[in-house]
């Protein structure tokens, strides 16, 4: 396997991230977990998401952590993904790790 490809290629997702295609997205993630140590997810600008997508991302984060892999977003959550995080109460419960993952907010002293 090409080492550079292993670390720098991201998973490009469709414009609709919902319960209707969560199985397809899960399959993409699962394939990547088998072949890479670092998984980077690229959410399209203007993508339409629902809570099932956020749940899939959260479970994938946990799976990656348990397997010693890195799982991250290529850019901070925005648009409908950010709105889902707000409406579902995720943001108000974020710890620093969550804020860094979803919003790309680093610790500041």
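For segment 31-39, state whether one or more residues are touching a strand residue (DSSP E or B) at 6+ places or on another chain (Cβ under 8 Å), surrounded by fewer than 16 Cβ atoms within 10 Å (Cβ to Cβ), assigned to a loop (DSSP other than H, G, I, E, B) and at pLDDT below 95. Looking for residues that are touching a strand residue (DSSP E or B) at 6+ places or on another chain (Cβ under 8 Å), surrounded by fewer than 16 Cβ atoms within 10 Å (Cβ to Cβ), assigned to a loop (DSSP other than H, G, I, E, B) and at pLDDT below 95, one finds at least one in segment 31-39, hence yes. Residue count for segment 40-62, restricted to those that are closer than 19 Å to residue 94 by Cα and either surrounded by fewer than 14 Cβ atoms within 10 Å (Cβ to Cβ) or modelled with pLDDT under 95 (or both): 2. Selection of segment 66-90 for residues being in contact with a helix residue (DSSP H, G or I) (Cβ under 6 Å, 6 or more places away or on another chain) and buried (at least 16 other Cβ atoms within 10 Å of the Cβ) yields 71, 77, 84, 85.
The values are calculated or read from the model by the stated rules, or taken from the named source; none is laboratory data. On a predicted model such as this, the values are computed, not experimentally measured, just so you know. We place every Cβ from the backbone using ideal geometry, glycine too, and count neighbours over all the protein chains shown.
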